[in-house]
1. State all residues of the stretch B:1-40 that are more than 10 Å from chain A (Cβ to nearest Cβ), over 23 Å from B:ARG55 (Cβ atoms) and open to solvent by 100 Å² or more (accessible area, probe 1.4 Å); if no residue qualifies, say none.
2. Take B:ILE133 and tell me if it is closer than 14 Å to A:SER44 by Cβ, part of a loop (DSSP other than H, G, I, E, B) and out of contact with any His (no Cβ under 8 Å at 6 or more places or on another chain).
3. Please name all residue pairs, on different chains or six or more residues apart, with Cβ atoms under 6 Å, provided the first residue is in the stretch A:327-349 and is closer than 18 Å to A:GLU313 by Cβ and the second residue is outside any strand (DSSP E or B) and acidic (Asp, Glu).
4. Being out of contact with any Pro (no Cβ under 9 Å at 6 or more places or on another chain), closer than 25 Å to A:ALA159 by Cα and charged (D, E, K, R) is the filter here, so list the residues in the stretch A:116-135 that pass it.
5. Before we move on, is A:THR58 crowded, with 18+ Cβ neighbours inside 10 Å and hydroxyl-bearing (Ser, Thr, Tyr)?
6. Residue by residue through the stretch B:99-137, note down the ones that are among the small types (Gly, Ala, Ser), buried (at least 23 other Cβ atoms within 10 Å of the Cβ) and within 29 Å of B:GLY7 (Cα to Cα).
7. Being aliphatic (A, V, I, L, M) and within 7 Å of chain B (Cβ to nearest Cβ) narrows it down to one of A:LEU157, A:LEU141, A:LEU150, so name that one.
8. What is the residue count in the stretch A:83-119 for residues that are assigned to a helix (DSSP H, G or I), open to solvent by less than 10 Å² (accessible area, probe 1.4 Å), within 14 Å of chain B (Cβ to nearest Cβ) and closer than 17 Å to A:LYS331 by Cβ?
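The values are calculated or read from the model by the stated rules, or taken from the named source; none is laboratory data. As the structure is a computational prediction, the values presented were derived from the model and not from experiment. Note: ideal-geometry Cβ built from the backbone for every residue, glycine included; neighbour counts use all protein chains shown. What goes into the accessible areas is simple: the full protein's heavy atoms, side chains included, and nothing from ligands, DNA or RNA. Shrake-Rupley method; radii C 1.70, N 1.55, O 1.52, S 1.80 Å.
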Amino acid sequence: MRFIGKLGNVCIYDDSQNEECPDFEFHAGSSGGYGEFTFVYGPSAGGLLESVQFKIRTSGEQILEIHADPYFKVRHISLSGGIDDVALKVERINAMFSASHSIAFLLSVERSLDEEPDYETQMGRIVELELERVRNHLYVLHKLVDTGALGVASYQLQAMQEATNRVIGEACGHRYFFGVNSLNHVECNFEKVDLRYLKRFNSFLNDLLENRILIDRFQNNGKIDQDWLIGPTARASGRKYDARYDSGSLPYKDLGFSPVIERSPDVFGRFLVRGEEIMQSVDIIQEAMKKWKRKERKEVKVKGTGEGMSRLESPSGDMVYRVMIDGSKVKASFLPPSKANLLFFLKSVIGTIFTDFPFNWESFGIWISEIGVDTG
Amino acid sequence: MNWFIRGLKKGIQTEREPRGTPQWGSALKVNKEFKDCPTGATQGGWDAGKCVFCRRCFPDLSPTGDHRMGKVSRTEAKFSRSFYLYPIDVGTCGGCNAELKLIASPQYDMTRFGIFFTNTPRHADGVVVMGVITEGMREVLRETLEAVPSPKVVVLMGACAISGGIIGEKVDVDADAVVPGCPPSPNTILDVLIKVKGGKGW
């Protein structure tokens, strides 16, 4: 049994739920020695893509204690109402994980209605999720390499990220899958998906791994090795934790899927896992596309009452949605992976120096937009 | 392989003309009146700043493929050679942040147009404001705008900042330019930024 996180007051495990769940604070470390001082980083500062504030306590170099406030830009988004209206908001919780949010939401609605989506639709959803993973992992690698001042590699990774956005835009009409997902339907033409630009990604990654400067920055930085981990952070530490493998939400097993794992619970391990997963995702996409078929959208009638929950693997780990349906109205709540990852990051940063901070931060793939949401 | 050699071998990736605009990231053409727009973008024509490109109006409204949706109300020729931007996120979904960053990618290469990012508002010529306004970021935005030396330009980017979209409240500042989209594509962003500094656009 593995712990996934806290949704509302409930502790979510991979196979069960528990009503009693402790609160988690965005805080790690302790301090109080002579000569220590606190400095503030954020909420709006160079190097931070999103608005978040860190209060860092140090005696000069080492980070001794850290508080994070991801609620500066908290958005009040009501996730109740008609299914299509809620879906419109769900896909705007975090654009980079939009497919994950939308599909997790729709799966939980379908479960609450005891509706099984068509196999072709499920394959289409897998293609979406893996394209999203490729794009996000390229983005994280770009940020990591950029932080390491490896200009050529950084720009080449960014070019691949843009190419992936264009592939998604060409196939689905929108670069972030907005307006694409609905009950038992994916509005994309995956015949247009062409990933040939990633053909030599393996040799690109190998060249990066020959760079001593980069490796020295990554190895032994941001170490975290504990049982509660999710996503690439867990897999970097040798744990086979992956909702594609252990949730059964989508038929990944039909594609012969097995999680990538490494034995390096630091920035280096997370970098490796993401790099290897890009190549794995390309293979999954190609296999899933063989089983996918384009279909016209059919109206799904929503009626009755019910409750449903779903869990799937977003690019940064487990994403959980829970919905309650009453008539044609739905009320949704969610557990984003970034919440857990922010806690892991804070814990891993203690004892490191501030120069290591950006490498460690980028390696977790955290999106503040999905933490700072008040669903009312 | 040496990274310098690898860079040369890859060749020039920068594009001479706009490419890759997605259908639902381009201006919409009104074919027929549509009344059920969730943001009211289709009342009396089509309002790009309110549109979240949700496709509900299709086929009454249809995409044209034209990314030039932005509006520039004031240009600043002083920034024609070098235009430093400070982005501020006051309540985004991360989409605008990601798309703005991509104008630095080799395909677009913003630096050839004299556009750069800066890490501090003190060194900025313009501020790009993204997202719906949130309580925690009101004061941060005010201080940021004050910190930028004059002359300066303010650009509102994305439906959230321009009109609130479907998520919340718009950003209430005097903007010199707006970049519609949800999120705007890099082509739309570049077009507006080039026009703001006195160019013909992209």
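1. B:LYS9, B:ILE12, B:ARG16, B:GLU17
2. Yes: the conditions hold for B:ILE133.
3. Here the result reads A:PRO336/A:GLU370; A:SER338/A:GLU370, each pair linking the stretch A:327-349 to a residue that is outside any strand (DSSP E or B) and acidic (Asp, Glu).
4. If the condition is that a residue be out of contact with any Pro (no Cβ under 9 Å at 6 or more places or on another chain), closer than 25 Å to A:ALA159 by Cα and charged (D, E, K, R), then A:GLU128, A:GLU130 are the ones that fit.
5. So A:THR58 fits the description; yes.
6. The initial filter retains those residues of the stretch B:99-137 that are among the small types (Gly, Ala, Ser), namely B:104-105, B:114, B:124, B:126, B:131, B:136.
From what is left, the residues that are buried (at least 23 other Cβ atoms within 10 Å of the Cβ) are B:105, B:124, B:126, B:131.
The one that is among the small types (Gly, Ala, Ser), buried (at least 23 other Cβ atoms within 10 Å of the Cβ) and within 29 Å of B:GLY7 (Cα to Cα): B:SER105.
7. Criteria check complete, one pass: A:LEU150.
8. Here the count works out to 4.
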